[in-house]
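Let me begin by presenting the structure, written as structure tokens, before commenting on it.
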Amino acid sequence: AAVVVSGGRGLGAPEGFQQMEALAAAIGTAKAAVGASRAAVDLGCSPPSQQVGLTGKVVNPDLYIAVAISGASQHMAGCSGSKNIVAINKDGDANIFKTSRFGIVGDFKQVMPALIEALKTGRLGGVALDTAFAVDGNSGSEVARKPTAWYDLFRAFRLADGLHLRARPVVFRR
């Protein structure tokens, strides 16, 4: 898949993975797959077939969205080949932010619905977004246009919801 949406222990329960499924559906099921950290699999939140990491699958998507994942080295071994990592975590000091290109520090319960709505409508909190996806002429599939498209999405998210920008990686705080 061009995009992998993964959830971690911070989702707390299998119901949290419904948000991962919803985000993957908003991106497009032909383009996005759902993954999980080992901790989430061990808690019974996700099946072992979705586990990413040393004892799971190694993935190399164009975009890896890590939600409520701390960034333990065992997990990062499975996704470090991703072209762009976007992290969503309420712990601003989580290791995942050290390797992510973009990040949002905030509760996934607030962040995920806004991102899903933004992808579905092209608007976020009244702010119109440029299209974050475009058709890739080589494969005919819809992929992230370029990293700046995701930056535009997160910048609009920051403007709409009052998040604070932190440099390197680009992290928006709630």
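All C-alpha pair distances within region 9-60, sorted into 10 Å bins from zero, spread as 28, 52, 21 percent across the bins. The HN-Hα couplings worked out from phi for region 18-25 by the Karplus form 6.51 cos²θ - 1.76 cosθ + 1.60 (θ = phi - 60°) are 4, 5, 5, 4, 5, 5, 4, 5 Hz, whole numbers, x standing for Gly and Pro. Distant-in-sequence amide contacts of A33, defined by a placed amide H-H separation under 5 Å and a gap of 5 or more residues or a different chain, comprise V3, V4, V5.
Shape class for region 1-119, computed from the alpha carbon gyration tensor (a ≥ b ≥ c): rounded, with a/c under 1.5. With the whole protein complex present, T29 retains an accessible surface near 110 Å², based on a 1.4 Å probe.
The values are calculated or read from the model by the stated rules, or taken from the named source; none is laboratory data. Everything numeric here is computed off the predicted structure, so don't read it as measured data. Accessible surface is based on the protein model in full, side chains and every heavy atom, while ligands, DNA and RNA are left aside. Shrake-Rupley method; radii C 1.70, N 1.55, O 1.52, S 1.80 Å.
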